[in-house]
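Read through the structure below, which is laid out as C-alpha cells, and then see the notes.
All of the numbers you see were taken from the coordinates with simple rules; none came from a lab. Everything quoted here is computed from the prediction, not taken from an experiment. Note that we place each Cβ from the backbone using ideal geometry, even for glycine, and neighbour counts take in every protein chain shown.
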Amino acid sequence: MAKPKVALYWCASCGGCEEAVVDLAEDILKVVDAVDIILWPVAMDFKYKDIEAMPDKSILVSFINGSVRNSEQEHIVKLLRQKSQLVVAFGACAHLGGIPGLANVANRKEIFETAYKLTHTTVNPNNVYPQPVTEIPQGKLTLPEFYDTVKSLDQTIDVDYYLPGCAPPPDLIMKGVLTLLSGNLPPKGTVIASEKSLCETCPRNKTKPDKMVIKEIKRIHEVIADPEKCFLAEGIICVGPATRGGCGERCINANIPCRGCFGPTKEVIDQGAKFLSALASIIDANTEEEAKKITEQIIDPIGLFYMYSLPTSILRRKQGV
Amino acid sequence: MYKEITIDPITRLEGHGKIDIFLDDAGNVAHACLQIPELRGYERFAIGRLAEEMPRITETICGVCPTAHHMCSTKALDDLYGVEPPPAARKIREFQYNTFMFEDHNLHFYFLGGPDFIVGPDAPAGQRNVLGVIAKVGLEIGKKVIDIRKRTRNIIQTLGGRVVHPVNGLPGGVSKGITKEQQEEWKKIAEDAVEFAKFTLKAFDDIVLKNKAYVDLIVGDIYKHKTYYMGLVDDNNRVNFYDGWIRVVDPDGKEFAKFKVRDYLNHIAEGVESWTYIKFPYLKNVGWKGFVDGKDSGVYRVAPLGRLNASDGMATPIAQEHYEKFYATLGGKPVHNTLATHWARVIEAMQAAEKMVELINDPEIVDPKIRNMDFKTPKVGIGVIEAPRGTLYHHYETDEKGRLTKANLIVATVNNSAAINMSIEKAARNLIKNGVVNDGLLNMIEMAFRAYDPCFACATHNLPGQVPIEINIHNKDGEVIRTIKN
C-alpha cells in the first residue's frame, strides 16, 4: 500500500520550525519511514507545478509554518489546501501570527519607509522602493506583493489542527504526527497540546500564594528572579495564566517568564485581553489613583500581552491606516 | 531580444530566493541577479517595544541562527544601559556562543556545502546531499555528526531555555548560571567537540586538498572576487566571534579601517534597489560603484573567509596551525576565492571547539554572580557579534524608560548581498556561452552562493540538504522551450 503523502511548507517564518523538525534527531527516521514527503522545499526536489498536477485531496496532511505576509505565500497555501485532506498550522506564526505579526502595529507604507528610508545606515536619495515589477534593459523583474496586514494561516485558508509553539517542541511534533497517522482524528480545530493553562503544570506553581496580590510591576532586567518563585507573585509579568501548557516550561526553566507562544487556552478568544483581566484581578490597590499608578508601570501592553498573537486578537491590527 | 532564464525557487531568505538570468541574441549572459522576495519589517515594529524584550523579539528573524541575534541584541542592551556583565556571565555567554558557532558550522559543512566536495561537484544531483556524504564516509561517521549536533544543542537548550530562540540574555548578565555538575558534564562534550573538529579538518584535507581537481576549482577564476573583507578581531587582531574591534582590510589585505561598534555609522551605508527586498551595504568611505570588484568598489565580504582575511590569526593553537596552512596553500593573504570559505569555516569550527574547552574549564564560569544591575539611563545601545554568516549589527534608540524609538539591523547575510549577486552573475557568465545551457550550470550556480552559507539556505540542516532549483529557458516570445531541474 502506498504510504500517506505529507507536505511541509513555510510562509513568513524564520526557519526555526524547520530546525525543530530536524531536532527530532533519530525520530525523524521513523517519520520518513511512515510517510512519503512530497514537498519540503529546503530538503526535497519539489516543484510547485508538481503539486499543481496532483489530484485534489491527494496529500494526507500539509504542515504549514509561518504567517501569511505576501501574495506568493497566499497562492501556495491555497494550492496546498486544495490538494490536502488535512492542514496543520505548525508553530506560533501559522497558529497566531507570531512575532512577525507585531508588524500589524504598522502598515506597508510605514514598514517600507522605515526599512528603505529612515533607518540609520540607509542611503536612498532617490526614494527607491521595491516594486512588484521593475523594467530593466533586458526584460522585467517581478516580486510578490507585500501585503498591508500579517495574517495567521486560518485567516487565509481553512485549518484543521494546530501545533503551537515558537518553535513547537520535538516531543509535541512527534505526538502530532503520530496522532494524525493513527487515523483516530481529534475534533477539527484541536490545538495539539495541553488543555490546561501553563500555570497548572508550572514547577513554580506550588509557591503561588493563595491570594495573589501585586503592588508593583517589575521588568525582567530590574530584578533577580528567585528561581523557585512564581513570577507574577514577584510582580514580574508572566503570561502563563493566559497561555496553554505543553511547552515543557522551557523558558521558565531558564528563569525567564512566559510570553505566551503557545497561545490561549480553548475557551479564550483573545490571549492579551485574558491576561489583562487576570492581571487586573491581582492588582492590589485601594483607590483608583493607586491602581492607575500600578498599571502605568505596564509600558507596552501590545508587546507584552500580544507578543505572539496580535493578528489573531480582536485588535488584529492598527486601525485607521 | 533577450532570452530569460528564471531559477525559482532556489530556496529562501526567510522565504525564497529567485535567480534571473537574461541571455542576449548570441546566447551569452547579458544580466543575472538574485532577488529576495520578502521583507518582514522588524525595524518598524520594534518601535514602541521594551528594550529588554528585544533579544526575544529579534531572534525570530532567524530560527537557524537565533543565538546570534539573541546574543547581539543582549550586547546592545549592555551598551544601552551602560553595564558590563560580571566575569561569570560574560564567560557563560561566550561558552554558549562558541557552542552555537561550532554546531552551526558543522551543519553547513556536512549538510550543505560539504557534499559538493565530499561526494563531488559533478556527482549525480541525488547524491549531493548528506545521505551521499554518509554513503561516502560511512554510517558510523554519519551517526557521529548527528550525535555531536544533539549534545551541543542540548547545552544551548539548558542554558537558553529553548534551543530554537533561547531566552537567557539580560542587560548586564544572564538569567541562569552554570552548576558544577553541568561544568563537569560539559567539559567532556567540549573535548569531544575538539576531537570532532580535528576529524573534520582531516576529512577536508583527505577529500578536498589531496584532490587536484577540487583545489583547481577552489583557486580558479569562476569563484573569485577581489573585495574588501570585514570581521571582528581581538586586541591582537585575532578572530573573535563574540566581541572586539571591527576590522576591514582592502583587496590587497592592508588594514583599511578598525573601529568599535559605536562608530559603525561612519563606515557602513546601505543602498536600495527596486527589484529586490534586500538592501546592499557598502563601505561608506569607498562608496557604492555598483556590483563590481576592486579597490574602488565599496563592496565588502563577511563570514568565515571575510573573518580570516580581516584578522592576523586565530585565537586558539590548533586553529592557528590550520590558518597558517590555509594561506600557505592558497598563495598568501588575502584569499579572494569564494569556495575557500568552506575551508575557513572548518578552521573556525576548530576555534569554537577550543574556546568551548577553555571557557568551561575556567573555574570562574560557575561563579554565582551573573548579573550587574548598575544601570545608567538608556538612550542608545549598539551591539555587534560575528554570526556564522558574518558581522551582525543591532542598534537601538530608546526613551528614558527603555522603550524603543528607533532601530537599525544589519543582518549577517545582508552584508554579503552584493557579493552574492556578483558571484552568481560571474558563474553564469562563465558557464553559459553561445546559448549552451547544461545541467552543470545548476550546481555551479548553487556552489556560487552556497559557499556564503547565506541565510536563505536554512537548508543547511535538512535531509537531504539540497537546494531545489528549476531553470526555465524562455525564447524571445516568452515561451518555455526547456526546463532543467536538479
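Between the helical axis of A:71-83 and the longest alpha-carbon principal axis of chain A there is an angle of about 70 degrees. Pairs exceeding a 24 Å alpha-carbon distance, out of A:Lys78/A:Lys151; B:Lys188/B:Lys325; A:Lys117/A:Lys218; A:Lys293/B:Lys176: B:Lys188/B:Lys325; A:Lys117/A:Lys218; A:Lys293/B:Lys176. Counts of other chain beta carbons within 10 angstrom of each beta carbon in peptide A:70-76 average 3. Each residue of the stretch B:38-97 gets 77 Å³ once the volume of the Cα convex hull is shared out per residue.
Residue order for B:Val335, A:Val223, A:Val239, fewest other beta carbons within 10 angstrom first, comes to A:Val223, B:Val335, A:Val239. This model, with +1 at the C-beta of Lys and Arg and -1 at the C-beta of Asp and Glu, gives the protein assembly as shown a dipole about its Cα centre of some 460 debye.
Need one value for B:154-165: mean number of C-beta atoms belonging to other chains within 10 Å of its residues' C-beta atoms.
Numbers: counts 0, 0, 0, 5, 2, 1, 4, 10, 14, 8, 17, 11.
That works out to 6 on average.
Spin-label model, A:Gln85 to A:Met212: label points 7 Å out along the Cα-to-beta-carbon direction sit 4.2 nm apart.
With the Kirkwood sum run over all distinct C-alpha pairs, the stretch B:71-184 has a hydrodynamic radius of 16.1 Å. Applying a 4.7 Å Cβ-Cβ cutoff to chain A leaves A:Cys11, A:Cys14, A:Cys17, A:Cys93, A:Cys199, A:Cys202, A:Cys230, A:Cys238, A:Cys247, A:Cys251, A:Cys258 as cysteine residues with no disulfide-compatible partner. Taking only Cα atoms, what is the 0 to 90° angle, nearest 10, from helix B:87-107's long axis to the longest principal axis of chain B? It is inclined by approximately 20 degrees. What the phi angles of the stretch B:140-147 give under the Karplus curve with 6.51, -1.76 and 1.60, with θ = phi - 60°, is a coupling list of 4, 6, x, 5, 4, 5, 5, 5 Hz, glycine and proline written as x.
Using the average count of surrounding beta-carbon atoms within 10 Å as a protection proxy, the listed peptides B:301-313, A:70-82 rank, highest first, as B:301-313, A:70-82.
Here the contact order of chain B, divided by its residue count and restricted to Cα pairs under 8 Å and six or more residues apart, works out to 27 percent. In terms of the mean number of neighbouring beta-carbon atoms within 10 Å, the peptides A:131-141, A:302-312, A:3-13, B:261-271 order highest first as A:302-312, A:3-13, B:261-271, A:131-141.
Pairs A:Lys206/B:Lys401; B:Lys143/B:Lys187; B:Lys18/B:Lys143: which exceed 24 Å Cα-Cα? Long pairs (Cα-Cα over 24 Å): A:Lys206/B:Lys401; B:Lys18/B:Lys143. Among the GluC sites (Glu not before Pro) in the stretch A:174-216, those placed in a DSSP loop whose Cβ has at most 13 other Cβ atoms within 10 Å are A:Glu195, A:Glu216. Calculate how many DSSP beta bridges within the protein assembly as shown are antiparallel, expressed in % of all such bridges and rounded to the nearest 5. That works out to approximately 70 percent antiparallel.
Which pairs break 29 Å Cα to Cα here: A:Lys30/B:Lys180; A:Lys215/B:Lys406; B:Lys75/B:Lys150; B:Lys75/B:Lys258? Before the final figure, lay out each step's value.
Working: A:Lys30/B:Lys180 37 Å; A:Lys215/B:Lys406 31 Å; B:Lys75/B:Lys150 27 Å; B:Lys75/B:Lys258 19 Å.
Beyond 29 Å between Cα atoms: A:Lys30/B:Lys180; A:Lys215/B:Lys406.
Per-residue mean of foreign Cβ neighbours for B:61-74 is 3 (Cβ atoms of other chains, 10 Å radius). Of the peptides B:280-286, A:150-156, the ranking by mean beta-carbon count within 10 Å, highest at the top, reads A:150-156, B:280-286.
A quarter of the convex hull surface defined by the alpha-carbon atoms of chain A gives 21.3 nm² as the mean projection. Over all pairs of different C-alpha atoms in chain B, the reciprocal of the mean inverse distance, the Kirkwood hydrodynamic radius, equals 22.8 Å. Relative to the globular-protein estimate of 2.2 N^0.38 Å, the Cα radius of gyration of the protein assembly as shown stands at 0.91. Where both bridge residues fall in chain A, DSSP classifies roughly 30% of the beta bridges as antiparallel. For the stretch B:373-415, there are no residues whose amide N sits under 13 Å from a probe point set 7 Å from the Cα of A:Glu113 along the beta carbon direction. Between the alpha-carbon centres of the stretch A:177-223 and the stretch B:35-65 there is a gap of 25 Å. For the stretch A:245-321, GluC sites (Glu not before Pro) meeting the loop criterion (DSSP other than H, G, I, E, B) and having at most 14 other Cβ atoms within 10 Å: A:Glu267, A:Glu296.
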